[in-house]
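> Take this structure, written in structure tokens, and hold onto it; I'll ask about it next.
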Amino acid sequence: MKKVLVIGSGISGITCAIECAYKGIKVVLVSPYPSERAQSVLAAGGINAVLPGPDGDSIESHIEDTLKGGCFVAGKDAVRGLCEDAPDIIRWLETLGTVFSTEEDGTIKRRAFGGQSYKRTCYCGSSTGKQIVTALVMEARRLEGAGHIERIYGLWFHSALIRDGKCHGAIFHNGNSGCFEILTADSVVMATGGQNALFGKTTGSTLCDGYSAGRLFLQGVDLKNLEFIQYHPTTIETAQKRMLISEAVRGEGGRLYYEEGGRRIYFMEDRFGPGGNLKSRDVCTRCIEETGRDTVYLDISFLSKEEIMKRIPEVYELCMKYRGIDISRQSIPVSPSVHFFMGGIAVNNKHETNIRNLFAVGECASIYHGANRLGGNSLLSAIHGARVVAASLKNGTEDTGAEDFSAELKSAKDELASKRNTASQFPVMYIRDLLAESMKQNLGIVRNADRLKAGIDDVDYYMSIADKIRYDESEPAYLAYSLDAILTLARATLVCALYRQESRGSHLRSDHPDTSDEYDTSAIISYDGGRYTTCLDREGRYEH
Ligand SMILES: Cc1cc2nc3c(=O)[nH]c(=O)nc-3n(C[C@H](O)[C@H](O)[C@H](O)COP(=O)(O)OP(=O)(O)OC[C@H]3O[C@@H](n4cnc5c(N)ncnc54)[C@H](O)[C@@H]3O)c2cc1C
């Protein structure tokens, strides 16, 4: 029986495990923590699908909105597959026990989300991610009981086992035993999420640090569209992180404004008319940036408390708990923050990377979202991508045969030992904090060549002192071995942003403010012996 190793157990990883099990493939699902601790549980607003109804919505319209939202960078066929699969995904999630919010007649409620022509975002109150993960975990447990899936926690990805352009498994560090371990498989699926921790405090989880993408890049895996980083326009500051104020608030009629001379200026409505607050995330973020204010306000207080508690209870509770703000009476102070990564591991329409038997799904993969993702499309793409992989694996996994990887295991151990023995000068978290500060300064909402070059210089400096960094024995080994790859990913992202000499979607260059036909497609970055090489995917090598 074919064996697949899925790394990461958020919505994309766990769905991939389930779908592979349905197809008779033996799955090992690995992550440091259980699915309930993945970033996926934070998803609040909903998941997009065109469901039957009288409103005139259509799959063609979903496709058009997705392509337009992504500024026509995403592949048309890939997006068509995504949108066509959406209704079936919702039906499947319902059969697993996901409790969607429903109308009185039992039909699934849909809310308006930015950049979409119709209300098509299905939701479970304001805890959609949590509800979906719960249903998926139940299904995975059932399949585990039947012997199709094995779930292993406590393992941190170290590197892929790649020989002759083919992936045979991966090396992990076991956080409990302190040892490195090898897991071999006929195919490996990366599902390790986004790259939030490169930027310090964001709306996402610090578990999403981009290490896996950075490490695979060093191992010869192509990355794509790293410059497209979505800033969510409405987040609030709390002690630990930037908390997301879901787009659902604007979907329920929330209005963005700032104050001037004692007057409220509804800048989105002034510019785009009554629907202005529901412009896509990149447009809202750009408009907030143009107000020249660090903070603007979002008002939903025209709804009664009863209505708010019915439609967006978690937003009410979040604002009250973390900031003492009663949103039924007060406006919410909001500002943009890093939220989602359209770029990541380059995959084709079958989710294959440029290494045979190595796949990527979910937020760590770059496909479907082009230059800007529409809210509600990423849970959808995490699940759809996982289904696509399972379908490809059913038809095409090859037996990789037994090989000896003791040399690779020894090299991982030696690498860690050499890091432990360095002269101690700088604690590793100090460098991670400096990196986050530099990324925020130099790769913010608006970039320019000088800033981006300054960012690259910073990263080069951090790389040059990496051998002087202190790794305490008391700290997780992961911290010790992950820094090089994280710095490499940060550098690759800055190089990509410098390469794209135009403004498009979430990528705004003050020195190249216009959108240029020259760059109307994805950009690929490769690593070869210390060289970062960028090129446009003119031939549709990846998604099309
Ligand atoms: C606050 C917030 C709200 C959101 N709301 C919505 C929404 O309403 N609708 C929508 O469509 N999208 C939303 N998104 C985006 C969406 O939630 C994510 O894109 C999606 O859940 C990503 O799923 P994933 O499976 O790819 O990754 P994740 O859920 O991040 O899972 C990644 C997995 O990889 C594991 N992992 C990480 N590093 C390693 C490593 N080194 N070794 C081994 N395993 C590792 C993690 O432990 C985890 O299990 C939201 C995001 C945030 C942050």
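The values are calculated or read from the model by the stated rules, or taken from the named source; none is laboratory data. In this text, all values refer to a predicted model and were calculated from it rather than measured experimentally. With ideal geometry, Cβ positions are generated from the backbone for all residues, glycine too; neighbour counts draw on all protein chains shown. When the accessible area is computed, the model is the full protein with side chains, heavy atoms only, and any ligands, DNA or RNA have been set aside. Shrake-Rupley method; radii C 1.70, N 1.55, O 1.52, S 1.80 Å.
> Does any residue of region 373-380 turn out to be under 30 Å from Ala239 (Cα atoms) and away from the ligand (no atom under 16 Å from the Cβ)?
no
> Any residue at all in region 222-231 that is farther than 20 Å from Leu508 by Cα, open to solvent by 30 Å² or more (accessible area, probe 1.4 Å) and not β-branched (Val, Ile, Thr)?
no
> Against the conditions (1) in a loop (DSSP other than H, G, I, E, B); (2) open to solvent by 20 Å² or more (accessible area, probe 1.4 Å), where does Phe113 fall short? Just the number, please.
(2)
> Mind checking which helices (runs of 4 or more DSSP H) fall wholly inside region 305-403 and carry at least 2 residues that are open to solvent by 20 Å² or more (accessible area, probe 1.4 Å), touching a residue at least 24 places away in the same chain (Cβ under 8 Å) and within 17 Å of Asp85 (Cβ to Cβ)?
On the way: elements: 305-311, 313-323, 377-396.
Qualifying helices (runs of 4 or more DSSP H): 377-396.
> Turning to a different aspect of this structure: Which numbered condition trips up Leu508, out of (1) touching a helix residue (DSSP H, G or I) at 6+ places or on another chain (Cβ under 8 Å); (2) in a helix (DSSP H, G or I); (3) surrounded by 20 or more Cβ atoms within 10 Å (Cβ to Cβ)?
Condition not satisfied by Leu508: (2).
> State the number of residues belonging to region 192-202 that are open to solvent by 10 Å² or more (accessible area, probe 1.4 Å) and at negative phi.
So the count comes out to 3.
> Tally the residues that are open to solvent by 40 Å² or more (accessible area, probe 1.4 Å) and either within 13 Å of Asp299 (Cα to Cα) or within 16 Å of the ligand (Cβ to nearest atom) (or both), restricting the search to region 242-265. Steps first, answer last, please.
Pass one, region 242-265, residues open to solvent by 40 Å² or more (accessible area, probe 1.4 Å): 244, 255, 259-264.
Among the residues that remain, those that are also either within 13 Å of Asp299 (Cα to Cα) or within 16 Å of the ligand (Cβ to nearest atom) (or both) are: 244, 255, 259, 264.
Number of matching residues: 4.
> Is it fair to say Gly147 is on the phi > 0 side of the Ramachandran plot and open to solvent by less than 10 Å² (accessible area, probe 1.4 Å)? Break it down stepwise before answering.
Numbers: on the phi > 0 side of the Ramachandran plot: yes; open to solvent by less than 10 Å² (accessible area, probe 1.4 Å): no.
For Gly147, the condition - on the phi > 0 side of the Ramachandran plot and open to solvent by less than 10 Å² (accessible area, probe 1.4 Å) - is not met.
> Quick one: Thr66 ticks every box in (1) assigned to a helix (DSSP H, G or I); (2) surrounded by fewer than 20 Cβ atoms within 10 Å (Cβ to Cβ); (3) out of contact with any Asp or Glu (no Cβ under 8 Å at 6 or more places or on another chain) bar one, so which box is it?
Of the numbered conditions (1) assigned to a helix (DSSP H, G or I); (2) surrounded by fewer than 20 Cβ atoms within 10 Å (Cβ to Cβ); (3) out of contact with any Asp or Glu (no Cβ under 8 Å at 6 or more places or on another chain), the odd one out for Thr66 is (2).
> Can you pull out the residues in region 471-507 that are aliphatic (A, V, I, L, M), within 21 Å of the chain's Cα centre (by Cα) and modelled with pLDDT of 95 or more?
Ala485, Ile486, Leu487, Leu489, Ala490, Ala492, Leu494, Val495, Ala497
> For the condition away from the ligand (no atom under 14 Å from the Cβ), open to solvent by 30 Å² or more (accessible area, probe 1.4 Å) and either at pLDDT below 95 or not assigned by TED's automatic domain parsing to the domain that holds Arg509 (or both), what is the one hit in Cys167, Cys179?
Numbers: Cys167 fails: open to solvent by 30 Å² or more (accessible area, probe 1.4 Å).
One residue alone meets the criteria, Cys179.
> Another question, then. Scanning for something part of a helix (DSSP H, G or I) and out of contact with any His (no Cβ under 6 Å at 6 or more places or on another chain), does region 45-53 turn up at least one residue?
Of region 45-53, the ones part of a helix (DSSP H, G or I) are none.
For region 45-53, residues part of a helix (DSSP H, G or I) and out of contact with any His (no Cβ under 6 Å at 6 or more places or on another chain): absent.
> What about Asp514, is it without any contact (Cβ under 8 Å) to a residue 24 or more places away in the chain, open to solvent by 60 Å² or more (accessible area, probe 1.4 Å) and charged (D, E, K, R)?
On the way: without any contact (Cβ under 8 Å) to a residue 24 or more places away in the chain: yes; open to solvent by 60 Å² or more (accessible area, probe 1.4 Å): yes; charged (D, E, K, R): yes.
It is true that Asp514 is without any contact (Cβ under 8 Å) to a residue 24 or more places away in the chain, open to solvent by 60 Å² or more (accessible area, probe 1.4 Å) and charged (D, E, K, R).
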